[in-house]
1. Identify, from the list 316, 331, the residue that is open to solvent by less than 30 Å² (accessible area, probe 1.4 Å) and closer than 22 Å to residue 182 by Cβ.
2. Report yes if some residue within segment 153-173 is farther than 30 Å from residue 283 by Cβ and open to solvent by less than 60 Å² (accessible area, probe 1.4 Å); otherwise report no.
3. Just for helices (runs of 4 or more DSSP H) wholly inside segment 100-206: which have at least 2 residues that are within 16 Å of ligand 1 (Cβ to nearest atom)?
Amino acid sequence: MDFPITRRGITVVSFGFLVCVLVALISSLALRAENQIDRVAEAYQGFQDGKCKSCHPAIWREWENSMHAKAWVDEIYQFAANQVPDRETKCDQCHAPQPILITGVGKMPKLRDNQREVGVSCLVCHLDAHGAMHGPPASAETYFHANVTNPIYTDPTALCKTCHGQPSVPEHDQVSSFLDSRFAEKDQGCATCHMPIVSRLQSTASYESIKGRKHTWRGSRSVAQLKRAASLQLEYVSGEVGVKIQSKTGHVLPGGTLRTMILEVTLLAPDGAERQKQQIPISAKDGNRLFPDENRTSVFDVPSTTVGDTIKARLMYQLTPETPESAWILMAESVHIVP
Ligand code: HEC
Ligand code: HEC
Ligand code: HEC
Ligand code: HEC
Ligand code: HEC
């Protein structure tokens, strides 16, 4: 008679134990998941409340003035996106993305449903699904977030490619032409030219300045960057001008499909009067962008030169098709006096 009761007893006990273990396991998993979601939500809240700004004031200022911070509010973007009926699936996901460590580096980003106005924010490039911040090796710890050293930040081209090299969005691709160039072979990356090295306190809680990279991402709105983009050489041989452009840009030039460079040759009389003017546009629309390191010579006929005339070659940058000639930016210039 004892046997079945004991057996039942054992069964009941072990079943009860199993349930307990399962309940404990499930609730601890649920708690952890909830914790993770909370940490991600806390990071968003911290960003909103100015916490990132207060501990990382220098980096914040750099980012705040960059086009990444303006990727959503940028009027040129909003105007273009408003022409696209399904902008929410075709455009907005890169201009106000969810953190790419969560949606997957290299994968097409996903549209955020909150804080869209801050565009490509700190969280987009640094926050993981556990609420930790990934970055290059750190020198200090913080209670606000965990730090994870991730080698992708030391050479971030793969990170940039997530938005600047999606195969289905060739209009915004600077990465493919870069990878095919000698710049990539020379161990350079997008950061070499767009995130120059700087020594500074990485946060207000850090004890020493360590090397980091500027979060400014200067591009075609920077005159200094445009002056570095290419060099120009002019050669005059009786009635003909050869103008050589050498690209020094790490990708196709101009880098964006909205931009146009204008190569202009003018012939001026000794008194300054304009005798002849020719312009060649260089853009994605014209199908003649320069490849990295390309050397290109364009020949202009100047049949009516006389001694003392000035031949002037200029390379200029037009931000959008609407930018008036008076606002074109001079990138390079070369002058020759006819002997
Ligand atoms: C794969 C991510 C991605 C998608 C999708 C995307 N963009 Fe962009 N967009 C970028 C990146 C990166 C840049 C900056 C580099 C460049 O201009 O090529 C940019 C820049 C722009 C600019 C230039 C803004 C300026 O100030 O000059 C415009 C305009 C623009 N995008 C419009 C659009 C429109 C319209 C769509 C949808 C049809 C779209 N984008 C979809 C990533 C994306
Ligand atoms: C209480 C101060 C504090 C706050 C708030 C804070 N951080 Fe940090 N953060 C630090 C410190 C300290 C480090 C380590 C700095 C160093 O290496 O010198 C750090 C490092 C980082 C790193 C580099 C991580 C690595 O491993 O290289 C990133 C990225 C970062 N923070 C982003 C953020 C963002 C985004 C926010 C807002 C959501 C934020 N931080 C809020 C103090 C803070
Ligand atoms: C999550 C998407 C995303 C990632 C990742 C990203 N960018 Fe961008 N980037 C953009 C968008 C969107 C713009 C366009 C902003 C605009 O003009 O409206 C942009 C603009 C730029 C510009 C143009 C600034 C100008 O003045 O025209 C540069 C340069 C740039 N990014 C460099 C980088 C580099 C370098 C990396 C990698 C470290 C990177 N980006 C990573 C989305 C991204
Ligand atoms: C477009 C992507 C991108 C955005 C947006 C971005 N970062 Fe970074 N961040 C990087 C990369 C790439 C590095 C690695 C640079 C290096 O090698 O030092 C980095 C490095 C850092 C570091 C380590 C120290 C340093 O200067 O290298 C900190 C701290 C940091 N970021 C904080 C921030 C904060 C705070 C914001 C927002 C104000 C922000 N980042 C926005 C890409 C980004
Ligand atoms: C050797 C230096 C160099 C390297 C490397 C480089 N760039 Fe550039 N980048 C420039 C210069 C110069 C300009 C300004 C001229 C122009 O419009 O292309 C520029 C412009 C840009 C622009 C602005 C385009 C626009 O329409 O306004 C973006 C975006 C950009 N680069 C992204 C990248 C990315 C992503 C990488 C990595 C694959 C990269 N760059 C590598 C020098 C470089």
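1. Just one listed residue meets the conditions, 331.
2. There is at least one residue in segment 153-173 that is farther than 30 Å from residue 283 by Cβ and open to solvent by less than 60 Å² (accessible area, probe 1.4 Å).
3. Because the criterion is at least 2 residues that are within 16 Å of ligand 1 (Cβ to nearest atom), the helices (runs of 4 or more DSSP H) in segment 100-206 that meet it are 100-103, 122-126, 157-164, 175-179, 190-194.
The values are calculated or read from the model by the stated rules, or taken from the named source; none is laboratory data. Here the structure is a predicted model, which means the values were calculated and not measured. With ideal geometry, Cβ positions are generated from the backbone for all residues, glycine too; neighbour counts draw on all protein chains shown. With ligands, DNA and RNA removed, areas are computed over all heavy atoms of the protein, side chains included. Shrake-Rupley method; radii C 1.70, N 1.55, O 1.52, S 1.80 Å.
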